[in-house]
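Step one of this worksheet: look at the structure below.
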Amino acid sequence: MDRAATQPDRPAPRPAVEGLALPDLVDGLIDHGWRGLRFPGELEGRFQRDVAPERMRQLLVNSALVAVAYNLMLVSDWLMVPDQFDLALRLRLLVYTPLMFAAIFVLTRIDLPRVREGVAATSGIVASLISAWLCVASTDELAPAYLVSLTSILTFCSGVARMRFGPALVMDVVVVGCCAVSAWFMRDRAPVALMVPVMLTVTSTAVFTLYGCYTMEKDMRRNWLMRLRERLLLDELESANAHLEHVSRSDLLTGVANRRHVDDFLSQVWERARVDGTEVSVMMIDVDHFKAYNDMYGHPEGDACLQDVAATLKRRLRRPSDLVGRFGGEEFIAVLTDTPLATAQAAAERIRKGIEGMNRLHSGSSTHAIVTVSIGVACMRPAAPHATPAQLISAADEALYQAKQTGRNRVFAFATAD
């Protein structure tokens, strides 16, 4: 009868990015890499959204940490540039520390990648300018050598704050330039033998830390891609399993529940109703003279008729808790939860009229000129002694038999004793 069974719904298509399905794009980036430190299209936005919470927590902790650590350099200031110690106190405690608290405030209010990384780079630049200014302003003989303290700022920003490569590049260029300008101003009181190693140390630290920032960000992005691919694979597996579960519980021709699903559903409903003391009703619905319909119009038209009947059943039984299923051949079943017999009988009458209202021609019928259905209704209270789902279905089947025997295209209901 189901020779022209329709195909089941396919899983939803995978999201696409720049013309490629997202899993394919991710696989391509992992296998072949990508240029620079940005992902193509919307993938970059997804990456930024995913890493934003952790990055924000990291920057907030680092901002508080650097506000303390940078002030500890006052000990070095007192040893290396003692003539500028008062200035160091004012710059570090009254300028830089308030700026760091302002940075924390900005980070908690503006959640944008450029703002986050810009705040981190700006804090490093300001810290470097303060240290360089103290060295230039000091007349102490150790002041030129103190320029090497800039390396600690570079190291902290790359290793602890884990700055992104772009902002780190801007900051490092500024820091190296600041060191070079400071060395120029101190050229008359600092030997070349001292300033060249200092410049080389600061410059090499900038280069090494920049390389570290680049490789760290590249690895971070690759690891994120690996995690994203794993999530996508799990999503696809879950979707496939859900699709298989749906197929295993659905009738392929009509789209309603199959016999297996109906049996499982009725068992679950029965147990709940037994505990709650409510009633369960069942309808058995049979298309009248369907064999004659198939013989006259052919199996494809017969399948279309069954599909129309199933669609009408689903429209007429609108409660989410009710289930419509195909019981076999041209026979359907409906399970109605917490429904007394009178309500189920009224619903069955709506269904009968709905099928009649399709006005589908049935010249082979010996009782009516259009497609009709006979419906048997039965109701039981699962908490009643000796009541079982099998007895309920049997009672509904017997009611269906009576509906057929009394002329078809009618509803017959059995009231069962509790």
Write out the trypsin sites (Lys or Arg not before Pro) in segment 139-200 meeting two conditions: DSSP loop, and at most 14 other Cβ atoms within 10 Å of their Cβ. Arg187, Arg189
Sort largest first and round to whole Å: the equivalent ellipsoid semi-axes of segment 205-343, each the square root of five times a Cα gyration tensor eigenvalue. 53, 23, 11
In debye, nearest 20: dipole of segment 196-310 around its Cα centre with unit charges on the Cβ of K, R (+) and D, E (-)? 1060
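Whenever you get a sec, line up Lys314, Lys218, Lys291 from highest to lowest accessible area (probe 1.4 Å, protein heavy atoms).
Details: Lys314 100, Lys218 45, Lys291 145 Å².
So, going from the largest accessible area down, we get Lys291, Lys314, Lys218.
Give me the one-decimal Kirkwood hydrodynamic radius in Å for segment 294-390, with the sum taken over alpha-carbon pairs. Can you show the working numbers first?
On the way: mean 1/r = 0.0673 Å⁻¹.
Here the Kirkwood hydrodynamic radius works out to 14.9 Å.
As an exercise, use a Förster radius of 22 Å and the Cβ-Cβ distance of Arg109 and Glu44 to find the FRET efficiency, rounded to the nearest 0.05. Each step should come with its number before you reach the end.
Values: r = 23 Å, r/R0 = 1.06.
Using R0 = 22 Å, I get an efficiency of 0.40.
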Under the rule a/c < 1.5 gives rounded, and otherwise a/b versus b/c splits prolate from oblate, where does segment 223-304 land using the Cα gyration tensor? oblate
Using unit Cβ charges (K, R positive; D, E negative) and no other charged atoms, how large, in debye to the nearest 20, is the dipole of segment 70-147 about its Cα centre? 440
Run the simple label-point estimate for Ala292 and Leu361 please: 7 Å along Cα→C-beta, distance reported in nm. 1.6
Inter-centroid distance (Cα atoms) of segment 245-299 relative to segment 64-129, Å: 72
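Could you order the peptides 50-57, 67-74, 144-151 from most to least packed, using the average number of other C-beta atoms within 10 Å per residue?
Taking the mean over residues of other Cβ atoms within 10 Å, the ranking is 144-151, 67-74, 50-57.
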Angle between the chain longest axis and helix 97-109 axis [Cα atoms, degrees, rounded to 10]: 20
Helix 192-249 sits at what angle to the longest principal axis of the chain, using alpha carbons and giving 0 to 90 degrees rounded to 10? 0
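For the pair Tyr401 and Ser267, what calculated FRET efficiency results from E = 1/(1 + (r/R0)^6), where r is the Cβ-Cβ distance and R0 = 25 Å, to the nearest 0.05? Intermediate values should be presented prior to the final figure.
Numbers: r = 24 Å, r/R0 = 0.97.
Here the calculated transfer efficiency is 0.55.
Tell me, in nm to one decimal, what length is gained between Phe85 and Arg187 on full extension, where the rule is 0.36 nm per residue of separation less the Cα-Cα distance? Provide the component values of the computation, followed by the final result.
On the way: separation 102, 0.36 × 102 = 36.72 nm, distance 2.22 nm.
Between Phe85 and Arg187, full extension yields an extra 34.5 nm.
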Helix 299-316 against the longest principal axis of the chain: what's the angle in degrees, Cα atoms only, rounded to the nearest 10? 70
Distance in nm between pseudo-label sites at Arg249 and His368 (7 Å out along the Cβ direction from Cα): 3.2
Tell me, what is the FRET efficiency for Asp308 and Asp338 to the nearest 0.05, using R0 = 45 angstrom and their Cβ-Cβ distance as r? 0.95
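Length gain on complete extension for the stretch Leu60 to Glu236, per 0.36 nm per residue less the alpha carbon to alpha carbon distance?
Working: separation 176, 0.36 × 176 = 63.36 nm, distance 3.63 nm.
Extra length available between Leu60 and Glu236 comes to 59.7 nm.
Let me confirm the definition first: pairs of Lys residues in the chain, 8 or more apart or on different chains, C-alpha distance under 24 Å. How many are there? Intermediate results must be reported in sequence, preceding the final value.
Details: Lys291/Lys314; Lys291/Lys353; Lys291/Lys404; Lys314/Lys353; Lys314/Lys404; Lys353/Lys404.
Close lysine pairs found across the chain: 6.
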Select one label from [x] 28, 26, 23; [y] 83, 24, 14; [z] 36, 29, 19: the one whose number is semi-axes √(5λ) of the Cα gyration tensor in Å as derived from the coordinates shown. [y]
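The values are calculated or read from the model by the stated rules, or taken from the named source; none is laboratory data. As the structure is a computational prediction, the values presented were derived from the model and not from experiment. Here Cβ is always computed from backbone atoms with ideal geometry, including for glycine, and neighbour counts include all displayed protein chains. To get the accessible areas, we keep the full protein, side chains included, count just its heavy atoms, and leave off ligands, DNA and RNA. Shrake-Rupley method; radii C 1.70, N 1.55, O 1.52, S 1.80 Å.
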